[in-house]
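The numbers here are math on the coordinates, done by the rules we state, and not lab data. Worth saying up front: this structure is predicted, and the values here are computed from it rather than measured. A quick note on method: Cβ atoms are made from the backbone with ideal geometry, for glycine too, and the neighbour counts reach across all protein chains shown.
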Amino acid sequence: MPKDKVILAVDATGEVLSVAVGGHELRRASKKHDDALLPLIERLLRKAGLAWKDLDAVAAASGPGRFTGIRVGMSFAAAAGFQLNIPALAISRLAAAAGKSKAGRVLGALPGWKDEVYSQAYRKGKAAGTAAWTPPGEWPAFRAAAEKRGLEVSFGETTAADLLPVAAAALASGKIPPFKPFYLKPASYERPRG
């Protein structure tokens, strides 16, 4: 029986930085994810009893989320993958949100900036629609319409641990997703207007 692949996942897309491998996860609230990421990963690997050479792949949350956080996580994954000669996977947080449900038809949904909601429909783990963002006042009707169409709504924040099943499925299928960020809005959208 083949052993499970050891995948390191990082999610730097929000205020809380998270890293996971196997059944272990560490989180840290940080204003500077780029400074906190490597020490947090090294602590996680020690906790899990693993070394860098034990990793079979590295996965990063590709979005949606904070523009800078997406870049921090994906830059790390690209560099680690290259250095260790292992696959680097870009994993959608919407796919991770949908993956928390066991239903065949799911609307993966995440809280967004200023109470907006990001969402995308999935069928048996595969995207079955275009990702969208919904203004706060429109989310209840959007959710009700999705449920009326037979979609189970899987709503909530995701962490690095939620990326692991999606990354493992991609690795097992041999269909590595394109390594690119998943932005729903332009970077300037989150800049304060002044």
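General remarks:
- Using θ = phi - 60° and Karplus 6.51 cos²θ - 1.76 cosθ + 1.60, couplings along region 165-171 (whole Hz; Gly, Pro as x): x, 5, 5, 5, 5, 5, 5
- In the chain, helices alone account for a calculated mean residue ellipticity at 222 nm of -10500 deg cm²/dmol, with every DSSP H run of four or more residues adding -39,500 (n - 2.57).
- Sites Lys185 and Glu15, calculated FRET efficiency, Cβ-Cβ separation with R0 22 Å, nearest 0.05: 0.80
- Sequence-separation-based contact order of region 1-57, relative, with Cα cut under 8 Å and 6+ spacing, percent: 35
- Here the 3J(HN,Hα) profile of region 37-50, calculated from phi with Karplus coefficients 6.51, -1.76 and 1.60 at θ = phi - 60°, is 4, 4, x, 5, 5, 4, 5, 4, 4, 4, 4, 7, x, 10 Hz, Gly and Pro shown as x.
- When Rg and the Kirkwood radius Rh are both evaluated on Cα atoms of the chain, their ratio Rg/Rh stands at 0.97.
- Efficiency of FRET from Cβ geometry, Lys175 and Leu50, R₀ 30 Å, rounded to 0.05: 0.70
- Charged-residue dipole, Cβ positions (Lys, Arg, Asp, Glu), the chain about Cα centre, Debye nearest 20: 280
- Using θ = phi - 60° in the Karplus curve 6.51 cos²θ - 1.76 cosθ + 1.60, the 3J(HN,Hα) couplings for region 110-126 round to 10, x, x, 5, 6, 6, 6, 10, 9, 8, 7, 7, 9, 10, 6, x, 10 Hz; x is entered for Gly and Pro.
- For the chain, the relative contact order works out to 22 percent when only alpha carbon pairs closer than 8 Å and six or more residues apart are counted.
- Relative contact order of region 97-155, pairs being alpha-carbon contacts under 8 Å that are 6 or more residues apart, as %: 38
- The slack in the chain from Ala141 to Gln83, taken as 0.36 nm per residue of separation less the alpha-carbon distance, amounts to 16.2 nm.
- Here the label points at Lys126 and Glu157, each 7 Å from Cα along the C-beta direction, are separated by 3.3 nm in the simple model.
- With the gyration tensor restricted to C-alpha atoms of region 97-155, the semi-axes of the equivalent ellipsoid amount to 18, 12, 9 Å, longest first.
- With a simple spin-label model that places each label point 7 Å from the Cα along the Cα-to-Cβ direction, the separation between Lys32 and Ser75 comes to 1.3 nm.
- Put simply, the amide H of Leu17, placed in the peptide plane, has neighbours under 5 Å in Arg28, Ala29, Ser30, leaving out anything fewer than 5 places away on its chain.
- Highest mobility in the GNM of the chain, judged by mean-square fluctuation with C-alpha springs under 10 Å and restricted to Ala170, Ala77, Ala145, is found for Ala145.
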